[in-house]
Amino acid sequence: MVVNVSRYSKGMITDPGSLAPPAPQAHPAASAAAASFAALLGRLDYLGAADIEAIRRAYRFADEAHLGQLRKNGDPYITHPIAVAAQCAEWKLDAQALMAALMHDAMEDCGVSKVELVERFGAPVADLVDGLTKLEKLAFDTREQNQAESFRKMLLAMAKDVRVILIKLADRTHNMRTMGDMPRNKWQRISSETLEIYAPIAHRLGLNFTYRELQDLSFRFLHPWRYEVLSKALNKSRTRRKDLIARVQKEVEGAFARHGMQVRIVGREKTLYSVYRKMDSKHLSFSQVTDIYGFRIVVPELTDCYTGMGLLHQLYKPVPGKFRDYVAIPKVNGYQSLHTTLIGPFGTNIEFQLRTHAMDVVAESGVAAHWLYKANEPNSDTTQRLGTQWLQSLLDIQQETHDASEFWDHIKIDLFPDAVYVFTPQSKILALPRGATVMDFAYAIHSGVGNRAVGARINGEQRPLRTELANGDVVEILTSESAEPNPAWLSFVKTGRARSKIRHHLKTLAQEKTHLLGERMLAQALRSEGIAQLPDASGEHKATWDKLLRFTGTKSREELLSDIGMGKRIASMVGKKLAVLLAETGLKPDAVLISTERYAAGEDGSVSQGVVSLDGSEGLSVQFARCCQPIPGDRIVGYLGRGEGLTVHTEDCPTGKRLLARDGERFLQVEWADEPTRPFDTTVVVTVTNGKGVLARVASAIASAEADITHVDMGDEPAQTATDIRFSVAVRDRVHLAEVLRSLKRTTSVIKAQRLRAN
């Protein structure tokens, strides 16, 4: 058995290019650079002599180009490119990549042209350096634009050659390691950029060690005090738990040794940033974070992963729900491992990861494993496909996008998959939650656009408002001045903004509509008391209204009328009181009007509030019952529910009859207006003989009668010889419905067609 226990700890990282001692005979600055390059050469044993000589030529060129330039700490600038190249050598990148790493700042900082690089080192190396070169800042108005363009160029090159992003990540890693030499006013911006942009890219490419290091370094400079406190706490915890870790290691070693399995066990410790993030997101103290320590077990074969998992589960009890199989289903960046969390000694949670050697290389080096395998196994193509899918997606994006800012937002889509990025017709980018619909987009633009939306075009095609948006969609909202929000929208919108705007508008609209309905109902009730019209709230009748408001306990005339429209108050009772108050001012009832109104109301005392005329424009204040679906021409009654507004039933509706028997005083007389303003839905049941094209013929018959189909229900049962199909159709009135039924009955295969009646 080979056992190697190492702990990942931040604050101990050294410049990989400063490991060799300086040469005593040279100038101190020159000696530092030479020593660093000597350390780099010591890592190139995987390359041939010709490649090493080419790298030496690139070093001499870069050293000459940067001559006289110093870093913030006073070291020669060439130490930075050497450190970047050293990191690339750790990933076993090829000679061209190492040459580009050494010269990555030559074009930007030293005025070297791409043509010169092509002549000296060849086009591939020049392309790599050009892909890493930032554009001149004077060409852009803001830092954000410059950053977007720089990233576009970098990522375009990366889509052709992944070595560009690896060099860039090595560059950023060394810059973060030496961030302490930078002015403090730059720490926040650079660290935030690293945490939000570079670390996710490293993670996406499977560079796990680099990902963790960038996170910890960013945390260190974003929150120095928190970093220091957590670092000390972790060191104390490491000391206290040293015996526990040693015990677990010994027991695990014994379990595998007894089974005769040759493994490598590596200790693993949570990074400071991951500890901090867990404490912050779950509101935990440091002592409550129990899974700080873990072990990685590298096994010889794939099947040994599962055998080893069984041995561990026999040794310690697993934590329910904490097992993950990334071997059978790898992560998108190629990562494979078995993860399990076990309850170790003293009830401490310890995570174990089991993987093969090949999986371990991929887990730590990701896309860079391609070069690692090429170095170790020149004829192997095991890792040729690493990262291919993601890199191809970048290539597709760059071919479709011509604006730098848009391209960068596309890249963020892939780095942050919880968001969906869509475009307005003017190419403005909007970020919405995953699963957002057209209506969420409309309200994200402006509440006025959302309130007036009637449809949308997505990528030029007409689509419904409930359509779920995908990354990169170009969305155009179609609006109408007469349109209003629909309560059904609340069932599919995802954003809080859209939901709150819809509810606010519906509430405001309902108040307006119920106010108008209440005014009509009170006016009708007052006519029944012999007063021809509702008095104005100002002028001579102001005092009368004030007395009425005190009597009803409402704050304003509008509130009182809304209460009547919502059914919270009975119009006839308020009308009687208002008539009494008007009589006190000398306004006498008209006896002829009283007789006319009461005769029109009929002898049924339950319908004595006057007749309310309906034309379909009443909006949310009037609901047409779904149980009987009244349409113009039907005899109807109105039920004034408590706080629910007016609900209209047909006169023969069983539900309406039950309500009338139980709550008769809340019914009022309603009638259809001479010219309704819109069609009304009703349900038609069509019995057909099953056969090819039947549904199309029936739908055509309905359309020929100039009726719209709003819904079709064929039931869940398998089709029989004779099948009932239910159509919800929008018709003008009973006469129009009769035309629809006649058209259906004349259609081939239709056995029967009738209106669905309430039960």
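For the pair Thr303 and Thr479 in one chain, pulling the backbone fully straight at 0.36 nm per residue adds 57.3 nm over the alpha carbon distance. The gain in end-to-end length when the Asp109 to Asp663 segment is fully stretched comes to 190.7 nm, 0.36 nm per residue minus the alpha carbon separation. Quick one: if the Förster radius is 35 Å, what FRET efficiency do Arg466 and Lys331 give, using the C-beta to C-beta distance and rounding to 0.05? Efficiency, from the Cβ-Cβ distance: 0.60. Taken as Cα centroids, the range 41-105 and the range 673-698 sit 78 Å apart, rounded to the nearest whole angstrom. One chain, two ends: Gln720 and Cys627. Fully extended at 0.36 nm per residue, the span grows by 30.8 nm beyond their Cα-Cα distance. Note on Arg241 and Phe323: with the Förster distance fixed at 25 Å, the Cβ-Cβ geometry gives a FRET efficiency of about 0.60. Each Lys or Arg adds one and each Asp or Glu takes one away; over the other residues whose Cβ falls under 14 Å from the Cβ of Gln69, this sums to -4. Taking every DSSP bridge with both residues inside the range 234-376, close to 75 percent are antiparallel. Based on the alpha-carbon gyration tensor of the range 234-376 and its eigenvalue square roots a ≥ b ≥ c, which shape applies: rounded if a/c is under 1.5, prolate if not and a/b is larger than b/c, or oblate? The shape class here is oblate. Alpha carbon centre of the range 445-466 versus the range 524-585: separation in Å? If we compute the Cα centre of each part, the gap is 43 Å.
Fewest neighbouring Cβ atoms within 10 Å first, the residues Asp615, Asp216 line up as Asp615, Asp216.
Read-outs throughout are calculated quantities, based only on the coordinates presented, and are distinct from any laboratory measurement. Quick caveat, the model's predicted, so the values are computed rather than measured. A quick note on method: Cβ atoms are made from the backbone with ideal geometry, for glycine too, and the neighbour counts reach across all protein chains shown.
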